[in-house]
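Every read-out reported here was derived from the displayed coordinates using simple, explicitly stated rules and does not represent laboratory data. All values reported here derive from a predicted model rather than from experimental measurement. We place every Cβ from the backbone using ideal geometry, glycine too, and count neighbours over all the protein chains shown.
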Amino acid sequence: MHRVPRPHNTRFLSSLSSSSSSNAYNALISHAPRTEHGNGPLKGVNVAVKDNICTKDLRTTCSSRMLADFTPPFDATVVSLLREAGARVVGKANCDEFGMGSLNVHSSHGPVVNPFRPSSGSTSPPRSAGGSSGGSAAAVAAGLCDVALGTDTGGSVRLPASYCGVVGFKPSYGLLSRWGVVSFADSLDCVGVLGRSTEGVIGAFDVLNQFDLRDPTAASQELRTQASDLSQSSWDGDIKHLRIGVPQEYFPTELSHSITAPLRKVLTALKKKGATIVPVSLPRTSYALSAYYVISSAEAGSNMVRYDGVQYGHRVPPPPGSDWTKTARVFAHTRTEGFGREVKKRVLLGTYALTADAFDNYFLQAQRIRELIKADFDEVFTAPNVLRPSSSSPSQPTLTNDGQGVHVLLHPSAIRTAPLLPSASSTTSAEGEEEDLSSYVQDVLTVPASLGGLPALSVPAGVAQSGSSGQEGTGDEEDGDGWPVGVSVVGQWGCDRMVLDVGRAVE
Ligand code: GLN
């Protein structure tokens, strides 16, 4: 069994048994005053917003002590667009601190509890909602909102969607505005949408999918049109003409056997509808996780520098009598107190990767791997990558065994079902190291699409059932536990509509 790191705030867990409020899952950490819905395509839709996305008049803490009292004077573009379309923001959703984590246990507000209950009705100990957008996924699963905004840097929308049994979509990098979204790793950060159905996610995505002049990384209108034209000319929308690739590298040894049965069911159903299933290979996949953690930590280290106790947020004044000119002390004390353990670890790792001694072997190497991973994707898709026109060769995809390429890829979203939340006493610091590493492994199937900037959708595919995989037992006690399993649909950059249409066919 994979263990998970000890939560920041364990008092919440012990109070769970006595709690019966609608927020028993700790999904929403602040509630907006009730207002009327506006008019527009999202009239009547209630939305929860991840707490690293700025909301006017509502605190935006990023689940960090560092920003415990920060209330932005503006809405992020994505929030303004939802409000203008008639949606009502119901509150802010708990998350891992600054989006760093896979299990929503690194939060100053305490961990999020997965609202799912298996049909066996067994009362098992609380499980993780996944992270870092765990509050967003749990709020949707518990019916506290219709749709939720999350952010996905390396899987933070798709993993919690998979664990909670809801739909989670990470659009192509650059399509949804990041203006007003607190940066974690800028070259990877995407705003994502969670909902109970693909249809609900499409409704919000259509409103949000707009060029924003204020976001310097926004994809131009020209690129968007070019990609969507290519997407439409590569697939006419008929399932009978759809070619789906199943990448062999997405079945690593860490994958729980009970995950494969629901995936096989989905593939069988799509085949019945006339789709062609093609085995494909993305040979550089196994390097993705290491490259992701080097790149994202390096960018995080740089982004976290702004929390210095002077310009932003929490501030620890120097001890009485000390030299006020030594602002470095304010910086150090503020950051020691303001950041949680995981954020500090990423800052140290990222800073190290950027030092002169380590730069070539870590940071540059990770960037090279990122390019190779993008090249792998470009060689399986029928549609070319409009962001890399010279390197993609759409007429000859070489990594499919029949040389024809595929429209989308389909694979498990996660290696397992939701892990148990740890009890306050279960962790010693020696185990902590091992647990942190095993929590990084949760991302192994989601980070490749993030490095490629590709659209990726996790759709519920049923629950893990024991004895249905046709394979020997794994010794994993959570095998076949009746908890949700998600499958992911991934497409070429800009083929977001295609990915969502295939998601609808999977549901
Ligand atoms: N779990 C990954 C990390 O901790 C991804 C986080 C995210 O997508 N925000 O870096």
### Query
Label points 7 Å out from Cα along the Cβ direction at LEU364 and ARG388: separation in nm?
2.0 nm
### Message
What's the magnitude of the charge dipole for the chain around its Cα centre, counting Lys and Arg as +1 and Asp and Glu as -1 at the beta-carbon? Answer in Debye, nearest 20.
### Response
860 debye
### Query
Going by a ≥ b ≥ c, the root eigenvalues of the Cα gyration tensor, does the chain fall in the rounded group (a/c under 1.5), the prolate group (a/b larger than b/c) or the oblate group?
rounded
### Query
How long is the gain from GLU371 to PHE251 if the chain were fully straight, where each residue apart is worth 0.36 nm and the alpha carbon distance is subtracted?
41.0 nm
### Message
Using amide H atoms built in the peptide plane, which far-off residues or other-chain residues are under 5 Å from GLY245 H to H?
### Response
VAL278, HIS407, VAL408, LEU409, LEU410
#### Entry: Restricting the range 215-316 to chymotrypsin sites (Phe, Trp or Tyr not before Pro) in coil, as DSSP defines it, with at most 14 other Cβ within 10 Å
TYR312
#### Entry: In the range 223-323, the GluC sites (Glu not before Pro) that fall in loop regions by DSSP, at most 15 other Cβ within 10 Å
GLU254
## Note on the structure
FRET efficiency (HIS37, PHE211; Cβ distance; R0 45 Å; to 0.05) is 0.95
### Message
Please rank HIS407, HIS109, fewest neighbouring Cβ atoms within 10 Å first, as an exposure proxy.
### Response
HIS109, HIS407
### Query
Using Cα pairs under 8 angstrom and six or more residues apart, how large is the relative contact order of the chain, in percent?
20 percent
### Message
Quick check: pseudo-label points 7 Å beyond the Cα along Cα→Cβ at HIS241 and ASP229, how many nm apart are they?
### Response
1.8 nm
#### Entry: Computed FRET value (nearest 0.05) for GLU222 with ILE277, which takes r as the C-beta separation and R₀ as 35 Å
0.50
#### Entry: Order of LEU457, LEU28, LEU364 under a 10 Å beta carbon neighbour criterion, fewest first
LEU364, LEU28, LEU457
### Query
Expressed in nm to one decimal, what extension gain is obtained for the pair SER124 and ALA68 from 0.36 nm per residue of sequence separation less their Cα-Cα distance?
16.9 nm
### Query
In what order do LEU175, LEU223, LEU445 fall by count of nearby beta-carbon atoms within 10 Å, going from fewest to most?
LEU223, LEU175, LEU445
### Stretch gain in nm, segment ASP323-ARG306, where the contour uses 0.36 nm per residue and the Cα spacing is subtracted
3.9 nm
